[in-house]
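J.: I have a structure I would like to understand better, so I am pasting it below and will then ask my questions one at a time.
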Amino acid sequence: LPALLSRPDAEKTLGYWNKGAKRRLELALALQPAAQRAKNIILFVGDGMGLSTMSAARIYKGQLAGGSGEESVLAMETFPHMALAKVSGAVLGGTLLLPLLETPLHPSCFQTYTIDRQVPDSAGTGTAYLCGVKANAKTLGLSGAAIYGKCRSTFGSEVDSVLHRARLAGKSVGIVTTTRVQHASPGAAYAHSASRSWYADANMPKEALRDGCKDIAYQLVHNTDINVILGGGRMYMTPKQTPDPEYPEDPDQNGTRNDGRDLIAEWLSAKQGARYVWDKKGLDAVEDDSVSHLMGLFEPKDMRYELNRNTSTDPSIVEMTEKAIRILRRNPNGFFLFVEDDHIPCAGGRIDHGHHSGRAKQALMEAVMLDRAVARAGELTSPADTLTVVTADHSHVFTFGGSTPRGNSIFGLAPKKAKDKRAYTSILYGNGPGYSIRDGARPAASLPAAEDKDYRQQAAVPLETETHSGEDVVVMAQGPMAHLFHGVQEQHYIAHAMAYAGCLEPYATEPGCRAARRASHGTRCSPQPLLALLAFCMAALIVRG
């Protein structure tokens, strides 16, 4: 097409669409499964990032760049393989079968329901995609035999996460989250808890403490040797009334532990070459090759929304992800990294927290930031040896529509008024705090108010917080064994596919794993072969003499 044609004009020609489709067809025909095993695995989870959130975030990304938005592409959307995960539905038998490598694979979907709920929470879904089993809602790292809130049901019901298995296999492991590191999603990577809310011992009932259960913060430090821990959650790590380093004059931010333990100090003393930081300045000062373990806790509870973040004191999810990768990738055996953005206020990461509060702009900015972290991770790794998976734990009752024209602000108004003769925004929620009746009628939406970062879009049903939804979520993957993500799957399949790709238990002895281990060990810079060669040469010289 002539270079002088603008995009809108070019779109009116047949050649524009035909050439674009042909190019995509050629890429699809050239796509071949990467059947080698993964040295590294990165799992990105957008807490609450359903398909409608992804679509709206794509438009918002394009509009932030000055475009109309609809033609924009998220970095995660460039991944060649995808699937859908079921968040609700029926289990099709108890046997999990990984597809044969030569089997043709197609886009897939993952189902996210839990054993006891049609619409899940972040604890049950985290246990599924990290530990490989469906579980009951509000429980972490436990099988369905565990009962929510019942400490004694924990013992014997523990299930290990892919992160834990990767560490046992000699890989470095890390967690990056925009919530507290003791939150449900990251907690499923290392904790076994009958309640997702047992952040510190002060949050546990006396009966649970008496029966021998440990809080999630304690388990963060003592269960798994995690190399990198970045997120919020300082207050659950220190004794009661310990002043917070960032907010020393605010008693509400003080430590909360009743047992008097300083878990940060315990962690530092147990790890050689460990560092602890609590602000961006400290994180930036950490030299990648100088530490084997890094803990960064940047807020007493959850980290701030990106649109509220102090860029001089708090790191972004992109910066935390980069720091984690630079430290973890030094291990010749590879690494496993879990990255979560949960900013859809109320129960999860910051995408999730934003939706729960009915503030769509906060949620969508978090989704855009997660995508930037995905893009940066791609620049720091190679799809030749790194399996990267992007998914969501669940969706939300969030939607956008209203016959809006091309280029309409994603936070703008629909072009026509509703039946009540009042304007409404394109984005709406099925329920939540955005429900409002004034003088017996729905208030009209207006600009520029609807563009504000804290504007609450209207909701159909009044609730204190907006709820999760039960539709399937998408899974996107690139790198070794990415083709295993296909079709419509149960959500717990994600953990099994990652474990299979990385030669982790229970798939450590599968074909191809021995060769993968030899390849990773071969990257070590060891003086032993050189010494052996030198000894052989000296012996030969002696014999000749």
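J.: Kindly give Rg over Rh for region 261-343, based on alpha-carbon atoms, with the Kirkwood expression for the hydrodynamic radius. All intermediate terms of the calculation are to be shown ahead of the outcome.
T.: On the way: Rg = 13.4 Å, Rh = 13.9 Å.
Taking Rh as the inverse mean 1/r over Cα pairs, Rg/Rh reads 0.96.
J.: Please report, as a whole percent, how much of the solvent-accessible surface of region 402-462 comes from carbon and sulfur atoms (probe radius 1.4 Å). Display every interim value, and only then the final one.
T.: On the way: 1830 of 3480 Å².
Roughly 52 percent of what the probe reaches on region 402-462 is carbon or sulfur.
J.: Ok, one more. If you wrap a convex hull around the C-alpha atoms of region 402-462 and split its volume per residue, what is the figure in Å³? Provide the component values of the computation, followed by the final result.
T.: Values: hull volume 5.3 nm³, N = 61.
Convex hull of Cα atoms, per residue: 88 Å³.
J.: Measure off 7 Å from each Cα along the Cα-to-Cβ vector at residue 225 and residue 311, then give the distance between these two points in nanometres to one decimal.
T.: According to this spin-label approximation, the distance is 4.0 nm.
J.: Okay, next question. With +1 on each Lys and Arg Cβ and -1 on each Asp and Glu Cβ, and nothing else charged, work out how big the dipole of region 402-462 is about its Cα centre, in Debye to the nearest 20.
T.: Numbers: 10 positive and 5 negative charges, 57 e Å.
My answer is approximately 280 debye.
J.: With +1 on each Lys and Arg Cβ and -1 on each Asp and Glu Cβ, how big is the dipole of the chain about its Cα centre, in debye rounded to the nearest 20?
T.: For the chain, the charge dipole is close to 960 debye.
J.: Positive end of the charge dipole of the chain (Lys, Arg +1 and Asp, Glu -1 on Cβ, about the Cα centre): tell me which of 298, 247, 164 has its Cα farthest that way.
T.: Of the listed residues, the answer is 164.
J.: List the relative contact order of region 115-181 as a percent without decimals, with contacts defined as Cα pairs under 8 Å and 6+ residues apart. Walk me through the numbers before you get to the answer.
T.: Values: 89 pairs, mean separation 14.5, N = 67.
The normalised contact order for region 115-181 reaches 22 percent.
J.: Return the subset of 86/214; 214/240; 271/323; 61/361; 12/419 for which the Cα-Cα distance in this structure is over 23 Å, preserving the input order. If you can, show how the numbers build up before the last one.
T.: Numbers: 86/214 31 Å; 214/240 17 Å; 271/323 19 Å; 61/361 12 Å; 12/419 34 Å.
Beyond 23 Å between Cα atoms: 86/214; 12/419.
J.: Another question, then. If you average the sequence gap of Cα pairs under 8 Å that are 6 or more apart and divide by the length of region 402-462, what percent do you get for the contact order? All intermediate terms of the calculation are to be shown ahead of the outcome.
T.: Values: 95 pairs, mean separation 21.2, N = 61.
With pairs under 8 Å counted, the relative contact order is 35 percent.
J.: Let me ask you something else. Step through the residues of region 461-468 one at a time and calculate ³J(HN,Hα) from phi using the Karplus curve (6.51 cos²θ - 1.76 cosθ + 1.60, θ = phi - 60°), rounding each to whole Hz and writing x for Gly and Pro.
T.: 10, x, 9, 5, 9, 5, 9, 5
J.: Report, in order of residue number, the helices in the chain meeting two criteria: a C-alpha extent of 15 Å or more along the helix axis, and a mean Kyte-Doolittle hydropathy of at least 0.5; treat each whole DSSP H run as one helix. Let's see the in-between values first.
T.: Numbers: long enough: 14-30 (24 Å, -0.36); 51-64 (19 Å, 0.12); 317-328 (16 Å, 0.76); 360-380 (30 Å, 0.34); 528-544 (24 Å, 1.91).
Answer set is 317-328, 528-544.
J.: A further question on this structure: Given N residues in region 127-225, what is Rg(Cα) / (2.2 N^0.38 Å)? All intermediate terms of the calculation are to be shown ahead of the outcome.
T.: Details: Rg = 12.5 Å, N = 99, 2.2 N^0.38 = 12.6 Å.
That ratio works out to 0.99.
J.: Rounded to whole Å, give me the distance from the Cα center of region 50-82 to that of region 422-442.
T.: Measuring centre to centre over Cα atoms gives 26 Å.
J.: Counting only heavy atoms of the protein chains, get the accessible area per residue of the chain (1.4 Å probe) and round it to a whole Å² value.
T.: Details: 23680 Å² over 545 residues.
Ligands and nucleic acids excluded, the figure is 43 Å² per residue.
J.: Further question: Given a 1.4 Å probe and every protein chain left where it sits, what share in percent of the accessible area of region 250-296 is carbon and sulfur?
T.: Details: 1060 of 2390 Å².
Of all accessible area on region 250-296, carbon and sulfur atoms account for 44 percent.
J.: Okay, next question. If you average 1/r over every pair of different alpha-carbon atoms in region 181-265 and take one over that average, what Kirkwood value in Å do you get? It would help to have the intermediate numbers written out before the result.
T.: Numbers: mean 1/r = 0.0763 Å⁻¹.
Taking every pair of different Cα atoms in region 181-265, averaging 1/r and inverting gives 13.1 Å.
J.: Based on the alpha-carbon gyration tensor of region 290-424, what equivalent-ellipsoid semi-axes (square roots of 5 times the eigenvalues) come out, in whole Å, largest first?
T.: Working: eigenvalues 251, 61, 31 Å².
Equivalent ellipsoid semi-axes, largest first: 35, 17, 13 Å.
J.: For the residue pair residue 380 and residue 21, what label-to-label distance in nm results when each label sits 7 Å from Cα along the Cα-to-beta-carbon direction?
T.: Taking the simple label geometry, residue 380 and residue 21 are separated by 4.1 nm.
J.: Assuming R0 = 56 Å, what is the FRET efficiency of residue 289 and residue 441, from their Cβ-Cβ distance, to the nearest 0.05?
T.: Values: r = 63 Å, r/R0 = 1.13.
For R0 = 56 Å, the calculated efficiency reads 0.30.
J.: Right, here's the next one. In whole angstrom, note down how far apart the Cα centers of region 279-327 and region 449-478 are.
T.: 27
The values are calculated or read from the model by the stated rules, or taken from the named source; none is laboratory data. Quick caveat, the model's predicted, so the values are computed rather than measured. Ideal geometry is used to build each Cβ from the backbone, glycine not excepted, and the neighbour counts take in all protein chains shown. Calculation scope for accessible area: heavy atoms of the full protein, side chains included, ligands and nucleic acids excluded. Shrake-Rupley method; radii C 1.70, N 1.55, O 1.52, S 1.80 Å.
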